[in-house]
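Below you'll find the structure, written out as structure tokens, and then a few comments.
The values are calculated or read from the model by the stated rules, or taken from the named source; none is laboratory data. Since the model is a prediction, treat every value here as computed from it, not as a measurement. Cβ: placed from backbone, ideal geometry, glycine included. Neighbour counts: every protein chain shown.
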Amino acid sequence: MNRVETALVNSPPRRALQRFYEIPTLLRLGGALPAEARVLEVGCGAGYGTELILRRFATARVDAIDLDPAMVTRAKRRLSGYGGRVRLATGDMTDLRAALDAEDGSYDAVFDFAIVHHVPDWRAAVAEIVRVLKPGGRFYFDEVTAAALATRGYRWLFDHPTEDRFTASEFVAELERQGLQVGARWRTRVRGHYLLGVAERPASGTAL
């Protein structure tokens, strides 16, 4: 992210949107998680989303990564009071084995607060998320689509990959192509510019 986007994602309006709209919507679409669930957040930034997961989903532990070491440092300061409930690492979400030693089927849930659209090979990012999800695990996602990235404001202010970006329906279709189940558990807002939803890795026909 460039400086403008970094300032925006750490701004009070962005955090209010995450707290009062995105988290409640994801809870409605996907439900809560067991207290003992092992959770991963990709692209944790300064740790505000990680803190919301800990508080609103009440999970015992969250592993979180970000590509930017400065963001990980900020997240460590924010989350210092959570002790062993949080593990933070600098790393690439397309190689979670290197970043977190994440084996296949390691997590009950993965959270993505608008980071996959930053990844040039976003399908590889999805594949890595699917790999680390346990059978029955859930992928909670909040994404920015090609419609938003094509607007003048996004093109002028932010720095994103421009090739092979996804629409909302294309993102959902890719999740299902890679073996996750989404169904009707997704929503768009602002003329399809933003996408929220929950996908699940099948577990012999039994949900988490």
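Residues of region 128-146 being more than 23 Å from Ile23 (Cβ to Cβ) and in contact with a Ser or Thr (Cβ under 8 Å, 6 or more places away or on another chain), which ones?
If the condition is that a residue be more than 23 Å from Ile23 (Cβ to Cβ) and in contact with a Ser or Thr (Cβ under 8 Å, 6 or more places away or on another chain), then Glu128, Pro135, Ala146 are the ones that fit.
Considering only region 51-101, how many residues are outside any helix (DSSP H, G or I), surrounded by 13 or more Cβ atoms within 10 Å (Cβ to Cβ) and aliphatic (A, V, I, L, M)?
10
I'd like the full set of residues that are at pLDDT below 95 and of a type in the set (D, E, K, R), limited to region 7-54.
Those that are at pLDDT below 95 and of a type in the set (D, E, K, R): Arg14, Arg15, Glu36.
Quick one: how many residues across region 171-188 are in a loop (DSSP other than H, G, I, E, B) and either more than 16 Å from Asp121 (Cα to Cα) or touching an Asp or Glu at 6+ places or on another chain (Cβ under 6 Å) (or both)?
Adding up the residues that qualify gives 6.
Per-residue answers, yes or no, for (1) of a type in the set (A, V, I, L, M); (2) touching a strand residue (DSSP E or B) at 6+ places or on another chain (Cβ under 7 Å):
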site: Ala16; (1), (2): yes, no
site: Tyr21; (1), (2): no, no
site: Arg28; (1), (2): no, no
site: Ala35; (1), (2): yes, no
site: Val39; (1), (2): yes, yes
site: Pro69; (1), (2): no, yes
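Can you run down the residue pairs with Cβ atoms below 7 Å, 6 or more apart or on separate chains, where the first is in region 20-39 and under 19 Å from Ala64 (Cβ atoms) and free of Cβ contacts under 8 Å to residues at least 40 places away in the same chain and the partner is among the acidic types (Asp, Glu) and surrounded by 15 or more Cβ atoms within 10 Å (Cβ to Cβ)?
Within 7 Å, no pair qualifies.
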